[in-house]
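J.: Could you have a look at this structure, given as structure tokens, before my questions?
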Amino acid sequence: MIGKNKNTMSTAGTRTKVSTVLGEGTVFDGNLKTTDTVRVDGTVNGNCTSEEELILGPEGVVKGNVSAKNIIISGRVDGDIASLGKLEILSTGKVNGNISARSLVIDEGASFDGKCTMTSEVQPVRNAVKTEKIEKNSSLEEQ
């Protein structure tokens, strides 16, 4: 802490202006798509897509695929995740699905069940999840 500005100690979730919030106890059926940062503290039964950042709170649940530039998971995701930038799964986070990300941080205590692909080249967020499914289907057909 010596020599560090206290403003630089904030987490990514507090530095980002969140334009869309799905509150705790709220259930959203369908695909959620936004161009700005979104925070989900409720339940989404469908895919979540953001061109910026997606933050899933500790009580948040997504039953579908998640894609965004940067993603912070504190809740539960049952589906594939594609991140163009950094994906963080915090200690309370649970992911059941495949991951595609440029940078990955998994805290101690977090749960991840799936396949992870680290990407080095920039690819559109929407194609990252589709590519993963095509690869899965191709490997199933070969068997």
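J.: Could you say which residue among D36, D107 is at pLDDT below 95 and either hydroxyl-bearing (S, T, Y) or closer than 26 Å to S120 by Cα (or both)?
T.: Numbers: D107 fails: at pLDDT below 95.
The conditions single out D36.
J.: Against the definition (of a type outside the set (K, R) and more than 13 Å from the chain's Cα centre (by Cα)), how does N98 come out, yes or no?
T.: Details: of a type outside the set (K, R): yes; more than 13 Å from the chain's Cα centre (by Cα): no.
For N98, the condition - of a type outside the set (K, R) and more than 13 Å from the chain's Cα centre (by Cα) - is not met.
Results for (1) at positive phi; (2) surrounded by fewer than 16 Cβ atoms within 10 Å (Cβ to Cβ); (3) free of Cβ contacts under 8 Å to residues at least 12 places away in the same chain; (4) within 13 Å of the chain's Cα centre (by Cα), shown as yes or no for each residue.
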position: S19; (1), (2), (3), (4): no, yes, no, no
position: G30; (1), (2), (3), (4): yes, yes, no, no
position: T37; (1), (2), (3), (4): no, no, no, yes
position: G42; (1), (2), (3), (4): no, no, no, no
position: T49; (1), (2), (3), (4): no, no, no, yes
position: G60; (1), (2), (3), (4): no, no, no, yes
position: S74; (1), (2), (3), (4): no, no, no, yes
position: G79; (1), (2), (3), (4): yes, no, no, yes
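J.: Give me the residue from region 65-113 that is among the acidic types (D, E) and out of contact with any Asp or Glu (no Cβ under 9 Å at 6 or more places or on another chain) and, out of that set, nearest to V18 (Cα to Cα). Give the derivation first.
T.: Applying the first criterion (among the acidic types (D, E)) to region 65-113 yields 78, 80, 88, 107-108, 113.
Add one more test, that the residue is out of contact with any Asp or Glu (no Cβ under 9 Å at 6 or more places or on another chain), and what stays is 78, 108, 113.
On the way: D78: 23, E108: 26, D113: 29 Å.
Looking at residues that are among the acidic types (D, E) and out of contact with any Asp or Glu (no Cβ under 9 Å at 6 or more places or on another chain), I get D78.
J.: Now for a different question. Quick one: K69 ticks every box in (1) free of Cβ contacts under 8 Å to residues at least 24 places away in the same chain; (2) surrounded by fewer than 19 Cβ atoms within 10 Å (Cβ to Cβ); (3) not hydroxyl-bearing (S, T, Y) bar one, so which box is it?
T.: With respect to (1) free of Cβ contacts under 8 Å to residues at least 24 places away in the same chain; (2) surrounded by fewer than 19 Cβ atoms within 10 Å (Cβ to Cβ); (3) not hydroxyl-bearing (S, T, Y), K69 is out only on (1).
J.: Would you mind stating whether T117 is more than 22 Å from T35 (Cβ to Cβ), surrounded by 13 or more Cβ atoms within 10 Å (Cβ to Cβ) and modelled with pLDDT of 95 or more? Give the steps one after another, and end with the answer.
T.: Details: more than 22 Å from T35 (Cβ to Cβ): yes; surrounded by 13 or more Cβ atoms within 10 Å (Cβ to Cβ): yes; modelled with pLDDT of 95 or more: no.
Against the criterion (more than 22 Å from T35 (Cβ to Cβ), surrounded by 13 or more Cβ atoms within 10 Å (Cβ to Cβ) and modelled with pLDDT of 95 or more), T117 does not qualify.
The values are calculated or read from the model by the stated rules, or taken from the named source; none is laboratory data. All values derive from a computational prediction rather than experimental measurement. Cβ coordinates were reconstructed from backbone atoms using ideal geometry, including for glycine residues, and neighbour counts include every protein chain displayed.
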